[in-house]
Amino acid sequence: MGAQSIPVISRVGKPEPASRTPHATLLGPTFEEMLHPNSIDPAILARADRARTEDPLDPINLFNITWRKPATKGQAGAQAERPINAFVMPHALTGVDAEIVVLVAKDFPTGSHKVGPAYSVLMEHYVEGRIDPTQHTLVFPSTGNYGIGGAWVGRRAGFDSMVILPEGMSRERFEMIESFGARYIKTYGSESNVKEIYDECNRLRREHPDTIVILNQFAEMGNYRFHYYVTGNTALELAQHLQAQLGVRGVAAFCSAMGSAGTIAAGDRIKQAFPDCKIVGLEPVQCPTLYNNGYGSHEIQGIGDKHVTWIHHVTNMDGLACIDDMECLRVLRVLTQPEGSAALVKHYGIGEDEVHTIAGVFGISGVCNLIGAIKTAKHFGLGRRDLIITVATDNVTRYHSTMQWMAEQHGTLTEADCRATIESILHHQKTDWFKDGTPDNRRQWHNLKYYTWVEQQGKTVQELNAQLDPEWWLAHQAKVAEIDRRIRALRD
């Protein structure tokens with residue numbers, strides 16, 4: 001797919017007004033409130049519930065950053081705990097006996113869970129006094145969903161906000177950033193061209209040292225903490241529910257593709273409760289950076305950024321699998337297009353309600369995670385009563401242009417295409433392109449951080465080596481309570 005045609009915006013200045021005036025003082029949830037929104041003040045919760053549909057740009061929607069399902073009609077402000085937004089995949093679709101369940105992110109503000117890390121990173125800087133909406137422009141380097149989240153959060157918090165992302169990302173990403181009142185800079189390339197993003201960040205920092213603040217998802221531990229605490233504990237509560245509902249034995253595996261490598265941090269929390277849980281990272285076959293020091297471009301938007309991120313706890317990974325980008329796009333077509341839905345009902349006996357749900361929860365990286373979960377089940381021999389948790393990170397609404405491109409390249413989707421896709425990619429997914437997290441492999445994955453973070457981004461060898469000690473990660477996990485205390489104090 002070629003670069004989109006939206007013009008480059010590279011001037012640091014005042015943005016166009018947002019469609020709603022943002023608040024000058026940041027008011028938002030704690031990590032605990034994002035995990036359990038029923039702990040939010042009932043009056044605030046009621047306002048947030050109403051604003052979700054009535055006024056999505058109202059800053060009160062910060063309190064809708066959660067993995068819980070939206071309130072149903074008549075529930076606004078109710079403090080009963082809401083169900084976790086998750087979906088158990090039908091065995092007829094996955095072709096494996098293990099239970100694969102996806103956490104569903106489409107109901108977060110902006111339609112992706114990346115708004116959670118964007119908020120958490122911003123909030124940590126804010127409560128520690130490092131950013132001021134009257135002085136600073138916030139820059140969110142991204143390949144998509146984090147930048148969209150930063151555009152939404154930054155403007156709701158009253159900041160001039162800018163996103164840096166590659167020119168080859170889907171048209172919908174740029175449109176969403178503008179709709180939230182932020183600006184963007186296009187850099188060269190596509191998903192895996194992150195160095196060019198870093199270069200642009202460094203230019204902005206050099207030219208505007210007093211006003212530019214870079215909120216780098218690839219290095220900010222607020223990203224890690226959101227997923228460790230909020231996503232990880234949500235997954236544990238989901239597992240407890242599924243133990244009773246499906247008779248599973250806990251969590252056998254957690255699978256996540258790596259973009260910033262924030263989401264995979266949930267595995268650190270899950271493994272603390274279930275030590276035998278396998279944490280499996282996923283990257284594109286077309287850009288197998290951890291797998292074999294590879295490089296290249298690919299079409300799984302949101303992952304595979306051709307480097308090992310600072311916040312990625314690689315020494316806790318139990319496996320690494322590579323997923324083909326065209327397999328993801330082919331499966332996404334089947335799961336989200338009417339022809340595919342009809343085939344799922346007719347040939348695989350999946351109920352129409354389930355098919356409707358599936359069509360609404362998957363984007364490209366979500367399909368990648370699903371394929372990775374199937375590959376994981378086969379590699380480790382997981383079966384009945386084994387639970388694999390993964391994440392549907394957004395949905396097809398931001399990939400309509402990509403689906404149009406697929407139709408132009410491959411023609412109309414037929415019933416035979418649908419069956420061939422399900423059978424060949426899902427039911428007969430191979431266990432190739434898989435590496436176990438041996439001590440040698442983990443150390444190699446860690447060593448790859450040197451080239452980005454020490455040679456290019458100013459970290460020291462001592463800082464890099466510190467990450468080899470599990471206590472380094474435990475110390476960052478423990479900061480959640482202190483940050484929550486500061487947020488509450490600021491609100492009070």
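The residue that is farthest from Leu474 (Cα to Cα), counting only those in region 186-209 that are free of Cβ contacts under 8 Å to residues at least 24 places away in the same chain and surrounded by fewer than 21 Cβ atoms within 10 Å (Cβ to Cβ), is Tyr188. Restrict the check to region 223-242 and report whether at least one residue is charged (D, E, K, R), in contact (Cβ under 8 Å) with a residue 60 or more places away in the chain and under 22 Å from Ile270 (Cβ atoms). Yes: region 223-242 contains one or more residues that are charged (D, E, K, R), in contact (Cβ under 8 Å) with a residue 60 or more places away in the chain and under 22 Å from Ile270 (Cβ atoms). Can you find even one residue in region 79-93 that is surrounded by fewer than 16 Cβ atoms within 10 Å (Cβ to Cβ), small (Gly, Ala, Ser) and free of Cβ contacts under 8 Å to residues at least 12 places away in the same chain? The answer is no, given that none of the residues of region 79-93 is surrounded by fewer than 16 Cβ atoms within 10 Å (Cβ to Cβ), small (Gly, Ala, Ser) and free of Cβ contacts under 8 Å to residues at least 12 places away in the same chain. Right, Ser424: farther than 25 Å from Gly116 by Cα, of a type in the set (Ser, Thr, Tyr), without any contact (Cβ under 8 Å) to a residue 12 or more places away in the chain and out of contact with any Cys (no Cβ under 6 Å at 6 or more places or on another chain) or not? Yes, satisfied. Would it be correct to say that Ala321 is in contact with a helix residue (DSSP H, G or I) (Cβ under 9 Å, 6 or more places away or on another chain) and more than 17 Å from Asn441 (Cβ to Cβ)? No: the conditions fail for Ala321.
Counting only residues that are aliphatic (A, V, I, L, M) and within 28 Å of Arg171 (Cβ to Cβ), how many does region 281-322 have? Spell out the reasoning first.
Pass one, region 281-322, residues aliphatic (A, V, I, L, M): 282, 285, 290, 300, 303, 308, 311, 314, 317, 320-321.
Keeping just the survivors that are within 28 Å of Arg171 (Cβ to Cβ) gives 282, 285, 300, 303.
The qualifying residues number 4.
Among the residues of region 448-463, some residue qualifies, meaning at least one is within 30 Å of Ala157 (Cβ to Cβ), at pLDDT 95 or above and among the aromatic types (Phe, Trp, Tyr). Exactly one of these conditions fails for Ala466: (1) touching a Phe, Trp or Tyr at 6+ places or on another chain (Cβ under 7 Å); (2) assigned by TED's automatic domain parsing to the domain that holds Val308. Give me its number. Unmet condition: (2).
Beta carbons closer than 6 Å, at least 6 apart along the sequence or on distinct chains, pair a first residue in region 430-445 that is in a strand (DSSP E or B) with a second that is surrounded by 15 or more Cβ atoms within 10 Å (Cβ to Cβ) for Phe434/Ala321; Phe434/His379; Lys435/Leu320; Lys435/Asn441; Asp436/Gly319. Counting only residues that are farther than 20 Å from His428 by Cβ, among the small types (Gly, Ala, Ser) and buried (at least 18 other Cβ atoms within 10 Å of the Cβ), region 324-372 holds 5 of them.
Name every residue in region 386-411 that is of a type in the set (D, E, K, R) and either part of a helix (DSSP H, G or I) or in contact with a strand residue (DSSP E or B) (Cβ under 8 Å, 6 or more places away or on another chain) (or both), in order of residue number. Selection gives Asp386, Arg398, Glu408. The residues of region 244-260 that are assigned to a loop (DSSP other than H, G, I, E, B) and either in contact with a Leu (Cβ under 9 Å, 6 or more places away or on another chain) or under 19 Å from Trp433 (Cα atoms) (or both), listed by number, are Val248, Arg249, Gly250, Val251, Ala252, Met258, Gly259.
In region 363-386, the residues that are in the same structural domain as Leu282 (by TED's automatic domain parsing) and under 19 Å from His113 (Cα atoms) never reach a residue that is of a type outside the set (Ser, Thr, Tyr) and surrounded by fewer than 20 Cβ atoms within 10 Å (Cβ to Cβ) with C-beta atoms less than 6 angstrom apart, at least six apart or across chains. Look at (1) within 19 Å of the chain's Cα centre (by Cα); (2) part of a loop (DSSP other than H, G, I, E, B) and you find that Ile350 fails only one, number (1). Note on region 402-457: among residues that are among the β-branched types (Val, Ile, Thr) and under 21 Å from Ile300 (Cα atoms), the one that is surrounded by the fewest Cβ atoms within 10 Å (Cβ to Cβ) is Thr431. For Ile264, the test of being touching a strand residue (DSSP E or B) at 6+ places or on another chain (Cβ under 6 Å), surrounded by fewer than 24 Cβ atoms within 10 Å (Cβ to Cβ), among the aliphatic types (A, V, I, L, M) and touching a residue at least 12 places away in the same chain (Cβ under 8 Å) is failed.
Quick check on Lys375: is it of a type in the set (D, E, K, R), surrounded by 18 or more Cβ atoms within 10 Å (Cβ to Cβ), touching a Lys or Arg at 6+ places or on another chain (Cβ under 9 Å) and within 20 Å of Ala266 (Cβ to Cβ)? When the stated conditions are applied, Lys375 passes them.
Every residue, every condition in (1) surrounded by fewer than 23 Cβ atoms within 10 Å (Cβ to Cβ); (2) within 25 Å of Met221 (Cβ to Cβ); (3) touching a Gly at 6+ places or on another chain (Cβ under 6 Å); (4) modelled with pLDDT under 95, yes or no:
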| residue | (1), (2), (3), (4) |
| --- | --- |
| Glu283 | no, yes, yes, no |
| Gly296 | yes, no, no, yes |
| Gly304 | no, yes, no, yes |
| Thr309 | no, yes, no, no |
| Asp318 | yes, yes, yes, no |
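The values are calculated or read from the model by the stated rules, or taken from the named source; none is laboratory data. No experiment lies behind these values; they were computed from the predicted model shown. Neighbour counts are summed over all protein chains in view; Cβ atoms, including those assigned to glycine, are modelled from backbone coordinates with ideal geometry.
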